[in-house]
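A.B. asks: Please see the structure below; I have some questions.
The values are calculated or read from the model by the stated rules, or taken from the named source; none is laboratory data. Because the structure is predicted, anything quoted here is derived from the model rather than measured. Counting neighbours? That spans all protein chains shown, and the Cβs are built from the backbone with ideal geometry, glycine included. Accessible surface areas use protein heavy atoms only, side chains included; no ligands, DNA or RNA. Shrake-Rupley method; radii C 1.70, N 1.55, O 1.52, S 1.80 Å.
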Amino acid sequence: MLISDSFNNINSDNELVSRAKGGDSVALSLLIEKYSDNILKKASSFKNLCGIDVEDLYQEGMIGFVSSIYSYDESYGTKFSTFSSTVYSRKMLSALRKTNNDMNNCVEFSASVDENEFLSQNISPEDAVLYDEEINEIMMYVKENFSKTEQKVFKLILLGLSYAEISEILESNVKSVDNTVQRIRRKLRDFRK
């Protein structure tokens with residue numbers, strides 16, 4: 001039986017948060033159960049970044065999530081889901097920033113190809129080899145022609161991060177990230193010519 005089965009009559013996160021703050025361990029467990037998939041998805045979006053493990057990011061996210069339960073204030077007019085997402089995302093970004101600082105320019109580019117991706121798309125082995133060669137060419141161009149900052153931003157863009165998230169990881173401002181992306185686009189256009 002899932003924990004959620006015992007709390008079917010509670011409809012709002014706010015009520016669960018209130019109960020969890022009051023020491024109700026079942027309400028706390030229910031909130032964790034409810035949000036753990038979202039936290040894992042967020043952590044997974046950073047995989048292979050700066051050598052930090054998804055499980056480590058997930059744990060950082062969970063710490064942030066539990067912290068968000070106890071620091072949430074309904075009177076600010078923000079939904080708990082929005083508030084908690086911001087808190088656990090920032091906790092993960094802080095861990096990434098720390099790892100990035102500790103490893104000093106740790107973002108490495110690798111052109112590994114996921115075989116399952118090709119199998120699921122019914123790509124022929126010949127096309128897979130051509131695709132892999134094209135990726136290797138692009139990555140070689142990136143390594144040879146992009147600055148270290150441009151390489152980092154490029155990798156983070158490929159991971160699907162927003163400019164704001166990238167600026168937090170690199171401890172810069174959004175405009176600086178945007179300028180770097182514009183330089184990357186120009187260089188990639190040159191590569192295509």
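A.B. asks: Which FRET efficiency value, to the nearest 0.05, do you get for Arg186 and Val26 by plugging their Cβ-Cβ distance into 1/(1 + (r/R0)^6) with R0 = 41 Å?
C.D. replies: FRET efficiency, Arg186 to Val26: 0.15.
A.B. asks: Give me the Å³ per residue figure for the convex hull around the C-alpha atoms of the range 11-74. Walk me through the numbers on the way to the answer.
C.D. replies: Numbers: hull volume 5.4 nm³, N = 64.
Measuring per residue, one finds 85 Å³ for the Cα hull of the range 11-74.
A.B. asks: Let me check I've understood the local charge: for Asn179, count other residues with C-beta under 12 angstrom from its C-beta, Lys and Arg +1, Asp and Glu -1. What total comes out? The partial results should precede the final answer.
C.D. replies: Details: positive: Lys175, Arg183, Arg185, Arg186; negative: Glu150, Asp178.
That works out to +2.
A.B. asks: Could you state how much accessible area Ser25 has, in square angstrom rounded to the nearest 10, with a 1.4 Å probe and all protein chains kept in place?
C.D. replies: It works out to around 80 Å².
A.B. asks: Work the Kirkwood hydrodynamic radius out for the range 138-189: mean of 1/r over every pair of different alpha-carbon atoms, inverted, in Å.
C.D. replies: Result for the range 138-189 stands at 10.9 Å.
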